[in-house]
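These notes concern the structure reproduced below.
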Amino acid sequence: MNIAIVGLGLMGRAMAQRLAELGFTVRGYNRSPLPETWLSRATAQAPTAISVAPSLMQAVTPAHIVWVMLADFAACEAVFLAPEHQSLWRNRLVINGSTISPDQSRALAQSIHALGGRYLEAPVLGSTPQAQTGTLQILLGGASADIVQAEMVLGALGTPTHFGDVGQGAAVKLAMNQLIGSLTAAFSLSLGLVQREGVAVGQFMETLRASALYAPTFDKKLEKMQARDFAHANFPLKHLLKDLRLFAAAAEHRHINTQIVHALTDTLAHACQEGAGDADYSALYAALVPPAAP
Ligand code: NAP
């Protein structure tokens, strides 16, 4: 099967690699030049080579399915709706894995349908390691017939769950990412206090693990927080900020009180201004628990 991957950022690259390893013919497209280290490896390794097309049209034209993995709604609009790209979607199935809001996804679906194409919403849970091993959770919104057509690709990348119409997969994705932000903030604050009070972190963690309050993400990020080393991000802080802003807007639209989420987005926005946008999202700890005063 011939797949186009539009957006070869962290996730798009990992997905392209996974699909090529499983025997799909993968042609990628990215707006900007890609890192030479990745490019030379990914395009040279027969039989799993990925070809990178110089234009969107050249990536999409031979494809049965177009998987889109772009940063945000503005990027999706720029790619889908540019006048020179509008004829590309006719009779094609576009699967959008980008994290956007339910309303934004519904608007894109409408535009793609108006251009004669089909649109499946497929935001994912998990990061680059899960994309590389085909263990993503794929949160689908759209028509069952499109899911049947995409079955092989979805199965290659992870476990799909069909939630309902376009917008409902996006809603679940934002709900989950709100938990990433809130759980990371909650854990950071509690860890910060016990550290500042001189309590042994190991003892604190044993108590936490034995309680109903434990979440596995705490242990996943503990080492980075203790070392204050947030390099090598799979999911950068700037994308968590984008997702929490999307959550706040979607939740306000549904008359949910989002004061707590706004406190979190303010903290994340400040951390981005201070240069932590590309750091791992667990850098939220450093924003909440700055290094102790001497
Ligand atoms: P990323 O590394 O920042 O890549 C973003 C991609 O979007 C790049 O290919 C970038 O192209 C492209 N892009 C941005 N603005 C554009 C524009 N105006 N026109 C055309 N292309 C544009 O992001 P990522 O981590 O791969 O994430 C992609 C999406 O998946 C995001 O919505 C993110 O929230 C979501 N997601 C990420 C993770 C994760 O762990 N990283 C997990 C689940 C979901 P350039 O290279 O030219 O900038």
Query raised in the report: Yes or no: residue 251 more than 16 Å from the ligand (Cβ to nearest atom) and within 19 Å of residue 72 (Cα to Cα)?
Result: yes
Query raised in the report: Of the numbered conditions (1) open to solvent by 40 Å² or more (accessible area, probe 1.4 Å); (2) closer than 21 Å to residue 157 by Cβ, residue 75 satisfies every one except a single condition; which is it?
Result: (1)
Requested in this report: Test each condition in (1) within 24 Å of residue 265 (Cβ to Cβ); (2) open to solvent by 30 Å² or more (accessible area, probe 1.4 Å); (3) touching a residue at least 12 places away in the same chain (Cβ under 8 Å); (4) part of a helix (DSSP H, G or I) for residue 186 and report the one that comes out false.
Outcome: (3)
Query raised in the report: List, please: which pairs have Cβ atoms under 9 Å, are six or more places apart or on different chains, and start with a residue in the stretch 58-81 that is at positive phi and end with one that is open to solvent by less than 10 Å² (accessible area, probe 1.4 Å)?
Result: none
Query raised in the report: Name the pairs: first residue in the stretch 89-114 and closer than 22 Å to residue 176 by Cα and more than 13 Å from the ligand (Cβ to nearest atom), second residue open to solvent by less than 10 Å² (accessible area, probe 1.4 Å) and part of a loop (DSSP other than H, G, I, E, B), Cβ to Cβ under 6 Å, at least 6 apart or on different chains?
Result: 102/167; 106/167
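Could you please give the count of residues in the stretch 1-18 that are open to solvent by less than 40 Å² (accessible area, probe 1.4 Å) and within 22 Å of residue 239 (Cβ to Cβ)?
10
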Query raised in the report: Residue check: is residue 176 surrounded by fewer than 22 Cβ atoms within 10 Å (Cβ to Cβ), in a helix (DSSP H, G or I) and not assigned by TED's automatic domain parsing to the domain that holds residue 23?
Result: yes
Requested in this report: Spot the failing condition for residue 34; the list is (1) among the hydrophobic types (A, V, I, L, M, F, W, C); (2) within 11 Å of the ligand (Cβ to nearest atom); (3) more than 16 Å from the chain's Cα centre (by Cα); (4) closer than 22 Å to residue 142 by Cβ, and only one is missed.
Outcome: (4)
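Results for (1) within 16 Å of the ligand (Cβ to nearest atom); (2) out of contact with any strand residue (DSSP E or B) (no Cβ under 6 Å at 6 or more places or on another chain); (3) not hydroxyl-bearing (Ser, Thr, Tyr), shown as yes or no for each residue.
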position: 121; (1), (2), (3): yes, no, yes
position: 135; (1), (2), (3): yes, no, no
position: 148; (1), (2), (3): no, yes, yes
position: 188; (1), (2), (3): no, yes, no
Query raised in the report: Restricting the stretch 134-152 to residues that are free of Cβ contacts under 8 Å to residues at least 60 places away in the same chain and part of a loop (DSSP other than H, G, I, E, B), which is least open to solvent (accessible area, probe 1.4 Å)?
Result: 142
Query raised in the report: Within the group 255, 232, which residue is at pLDDT 95 or above, open to solvent by 40 Å² or more (accessible area, probe 1.4 Å) and either not assigned by TED's automatic domain parsing to the domain that holds residue 105 or not in a helix (DSSP H, G or I) (or both)?
Result: 255
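The values are calculated or read from the model by the stated rules, or taken from the named source; none is laboratory data. In this text the structure is predicted, and so the values were computed from the model without any measurement. When we count neighbours, we look across all protein chains shown, and the Cβ atoms used for this are built from the backbone with ideal geometry, even at glycine. Surface areas here come from the heavy atoms of the whole protein model, side chains and all, with no ligands, DNA or RNA. Shrake-Rupley method; radii C 1.70, N 1.55, O 1.52, S 1.80 Å.
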